[in-house]
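Worksheet for the structure shown next.
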Amino acid sequence: MKTLKHTILLLTTVIMTVSCSNKDSEFYNDVFVNSPNLVSVELVPDAMLKQTLYINANIPRYITEANQTNKLDIYKTTGGATRLYFSYELEKKIDANWSIVGIADNQLTTINGEAFSGSFIYGSSIYNPATKIYEYRVGIKSLAPGQYRLSFGYNSNSTTDVEFRSESVGNNLFLNLNSTYSALDGGGYYSFTIN
């Protein structure tokens, strides 16, 4: 009898092992999509002869996927997600070293979307039903003169893409949207100078 119980337990373990997946993407109901040129960065002079660095991430609800004839409906696919999250960080060159620049709330100029500051910025493009675009335009102002570099790799190792994740709830798909940005250098940085 002990051998039979042991055999049943062993078979149950084998069946569970074969039928279970250890892939996070299957467990979390993730889908991955690539769509280029959804982000841009610009350095804009202001009225006080200073410069503000703007990050723009305006993502249309309907995006083209490679090898697909129909466009992907982000809003429908995610069950009505109203936000696409991403992060970025800023570094300044001090002597020969790069140091992370902490950003205070009063340094952010938010035109569209949301941004939370600190040692990195956690941003969200927010869905606008009138335009059918997930909108984000946030500026970083009052930066001291010097050489800077911006990286979208705070939560990522990618040196070519800006990575977004949808704010999906329940059993809806989580969209992981990767967007290549050609202005990044080989290390994944957008470099600029504040005068």
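The values are calculated or read from the model by the stated rules, or taken from the named source; none is laboratory data. Just so we're clear, the structure is a prediction, and the values are computed from it rather than from any experiment. Methodologically, a virtual Cβ is constructed for each residue, glycine included, from the backbone with ideal geometry; neighbour enumeration extends over all protein chains shown. Accessible surface is based on the protein model in full, side chains and every heavy atom, while ligands, DNA and RNA are left aside. Shrake-Rupley method; radii C 1.70, N 1.55, O 1.52, S 1.80 Å.
Among the conditions (1) among the hydroxyl-bearing types (Ser, Thr, Tyr); (2) at pLDDT below 95; (3) in contact with an Asp or Glu (Cβ under 9 Å, 6 or more places away or on another chain); (4) assigned to a strand (DSSP E or B), THR193 misses just one, which is (3). Of all residues in the range 104-127, those that are among the β-branched types (Val, Ile, Thr) and within 14 Å of SER151 (Cα to Cα) total 1.
Among the candidates THR110, THR82, THR160, THR77, the residue that is within 23 Å of LYS50 (Cα to Cα) and either over 13 Å from the mean Cα position of the chain (by Cα) or hydroxyl-bearing (Ser, Thr, Tyr) (or both) is uniquely THR110. Looking at the range 152-172, is at least one residue open to solvent by less than 20 Å² (accessible area, probe 1.4 Å), in contact with a Ser or Thr (Cβ under 9 Å, 6 or more places away or on another chain), part of a loop (DSSP other than H, G, I, E, B) and under 12 Å from VAL39 (Cβ atoms)? Within the range 152-172, one or more residues are open to solvent by less than 20 Å² (accessible area, probe 1.4 Å), in contact with a Ser or Thr (Cβ under 9 Å, 6 or more places away or on another chain), part of a loop (DSSP other than H, G, I, E, B) and under 12 Å from VAL39 (Cβ atoms).
Would you confirm whether or not the range 94-103 contains a residue that is within 25 Å of ILE63 (Cα to Cα) and not aliphatic (A, V, I, L, M)?
no
Being closer than 20 Å to ASP30 by Cβ and open to solvent by less than 50 Å² (accessible area, probe 1.4 Å) is the requirement here; does PHE192 meet it? For PHE192, the condition - closer than 20 Å to ASP30 by Cβ and open to solvent by less than 50 Å² (accessible area, probe 1.4 Å) - is not met. Yes or no: SER99 of a type in the set (S, T, N, Q) and closer than 22 Å to SER182 by Cα? The answer is no for SER99.
Which residues, taken from the range 49-62, are surrounded by fewer than 19 Cβ atoms within 10 Å (Cβ to Cβ) and more than 17 Å from TYR148 (Cβ to Cβ)? Residues satisfying the conditions are LEU49, ASN56, ASN58, PRO60, ARG61, TYR62. The residues of the range 124-151 include none that are under 17 Å from PHE86 (Cα atoms), polar (S, T, N, Q) and open to solvent by 20 Å² or more (accessible area, probe 1.4 Å). If you check ALA81, ALA115 for being in contact with an Asp or Glu (Cβ under 6 Å, 6 or more places away or on another chain), surrounded by 14 or more Cβ atoms within 10 Å (Cβ to Cβ) and of a type in the set (A, V, I, L, M), only one passes: ALA81.
Hey, does the range 173-181 have a residue that's open to solvent by 40 Å² or more (accessible area, probe 1.4 Å), under 29 Å from ALA96 (Cα atoms) and either within 18 Å of the chain's Cα centre (by Cα) or in contact (Cβ under 8 Å) with a residue 40 or more places away in the chain (or both)? Yes: one or more hits.
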